[in-house]
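The values are calculated or read from the model by the stated rules, or taken from the named source; none is laboratory data. This is a predicted model, so every value here is computed, not measured. Note that we place each Cβ from the backbone using ideal geometry, even for glycine, and neighbour counts take in every protein chain shown. Note: accessible area is taken over every heavy atom of the protein model, side chains too, but ligands, DNA and RNA are not part of it. Shrake-Rupley method; radii C 1.70, N 1.55, O 1.52, S 1.80 Å.
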Amino acid sequence: MARSVRFSHTPRTIKAFFVALFLLPLVLPVNFAIIQPGEGTPLFPKVLTVDKKVATTYKPDGQIYLLSIWVSNPDAKILGAEVLTCWARADCVVFPRSVIYKKNTTSKVEEKKAKIEMEDSQSDALLATKALLKKEFPGVDTSKLTDRAIKVSLPNVGGPSGGLIFSLALIELLTSEDILQGRKVAGSGTISPTGKVGAIGGISEKIIAAKKAGASILFAARDNCDEIPGDVSGIAVVAVSSLEEAISFLREPSHSSFRGLSGCTNLGA
């Protein structure tokens, strides 16, 4: 005689438990920060300007881009689902929040810090620019050029990484020589008053931002070279250790149509 077998169904409470077990982490805040590519902001003609009452300026032939990255602020509630989505994308990076921010910091504190760093970078960029102009372009009068004569209109952007690009833009504006030669140039790196270029964070994300902006050349600090992928295409990534190296590269006739190699073209190495 055949017997009928009766299978019991999994109780709803157990099903609900397992559903909650898998779904709950996706909707709960996690202690991570997310970094994504920002954008390339063109500095000419409105973002960076020089008071024409204190210095003669020239119309740029080309464009210079300041690069940014997007970083979730320390107060942001990052959900597990957002972290998973970021991990699935090639242009998104997740770090433990403690790697990016100090303990107990706030968005207000970080914004103030970033603003001060950016203002300091502009001051250092001006000093580096004046030193290089005195050496390479002695005919340019910078005696009346001060921080107050330089205006940078960049709301919601901070940090020290624009130093190099501010200097390049100032030199393009203050010299009659066509340094850009119609090119679109981006860059990211700190700068000292003597013109030394320092490494910055988020270089891979800034390469993406530079490519989206249409730049053909991106200057990076030589100390960032180890972090730059070897298979970069569509843009020349040129490593420099000083403002003088970057200007020399742009002034070199053989580089007027330079597209570079994949990875990091390391000048002077």
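Using the Kirkwood radius built from alpha carbon pairs, what does the Stokes-Einstein equation give as D for region 26-101 at 10 °C and 1.306 mPa s, in µm² per second?
Roughly 104 µm²/s, to the nearest whole number.
Measuring with a 1.4 Å probe in the full set of protein chains, what accessible area per residue, in whole Å², belongs to the chain?
Solvent-accessible surface per residue comes out at 57 Å².
Taking just the C-alpha trace of region 131-198, give me its Rg and Dmax in Å.
My reading of the Cα-based Rg and Dmax gives 12.8, 36 Å.
May I have the pair-distance distribution P(r) for region 174-259, computed from all Cα-Cα distances with 10 Å bins from 0 and rounded to whole percent?
It works out to 17, 51, 30, 2, in whole percents.
Could you let me know the centre-to-centre spacing of region 33-47 and region 140-185, using Cα atoms, in angstrom?
About 16 Å separates the Cα centre of region 33-47 from the one of region 140-185.
For region 80-182, what does the convex hull of the Cα positions come to per residue, in cubic angstrom?
Each residue corresponds to 161 Å³ of Cα convex hull volume.
Please sort by residue number the GluC sites (Glu not before Pro) in region 74-148 whose DSSP state is loop and whose Cβ has at most 16 other Cβ atoms within 10 Å.
When the GluC sites (Glu not before Pro) of region 74-148 are filtered for loop state and at most 16 Cβ neighbours within 10 Å, nothing remains.
Amide H to amide H under 5 Å from residue 242: which residues, 5+ apart in sequence or cross-chain, H placed 1.01 Å off N in plane?
Long-range HN contacts for residue 242: 197.
Past the 18 Å Cα-Cα mark, which pairs from 113/196; 52/151; 52/130; 59/144; 115/151; 77/115?
Check vs 18 Å cut-off fails for 113/196; 59/144; 77/115.
Using the Cα centre as the reference, give the magnitude of the dipole from point charges on the C-beta atoms of region 102-182 (Lys, Arg: +1; Asp, Glu: -1; all else neutral), rounded to the nearest 20 debye. Display every interim value, and only then the final one.
Values: 12 positive and 12 negative charges, 101 e Å.
Charge dipole, region 102-182, about its Cα centre: 480 debye, nearest 20.
With the Cα gyration tensor of region 58-97 giving a ≥ b ≥ c as the square roots of its eigenvalues, does the rule (a/c under 1.5 for rounded; else a/b larger than b/c for prolate; else oblate) give rounded, prolate or oblate? Could the numbers behind the result be given before it?
On the way: a/c = 4.92, a/b = 2.52, b/c = 1.96.
Because a/c hits 1.5 or more and a/b exceeds b/c, region 58-97 counts as prolate.
How large is the translational diffusion coefficient of the chain in µm² per second when you combine the Kirkwood radius over alpha carbon pairs with Stokes-Einstein at 20 °C and 1.002 mPa s?
Details: Rh = 20.7 Å.
Rounded to a whole number, D works out at 103 µm²/s.
Please give the FRET efficiency for residue 46 paired with residue 143, using the beta carbon to beta carbon distance and R0 = 35 Å, rounded to the nearest 0.05. List each step's numbers first, then the result.
Numbers: r = 26 Å, r/R0 = 0.75.
In this case the efficiency is close to 0.85.
Just the number, please: carbon plus sulfur as a percent of the accessible area of the chain, 1.4 Å probe, no ligands or DNA/RNA counted. Before the final figure, lay out the partial values.
Numbers: 8550 of 15350 Å².
Carbon and sulfur atoms account for 56 percent of the accessible area of the chain.
So how strong a dipole does region 139-213 carry about its Cα centre when Lys and Arg Cβ are +1 and Asp and Glu Cβ are -1, to the nearest 20 debye? Please list the in-between numbers first.
On the way: 9 positive and 6 negative charges, 53 e Å.
That gives a dipole near 260 debye.
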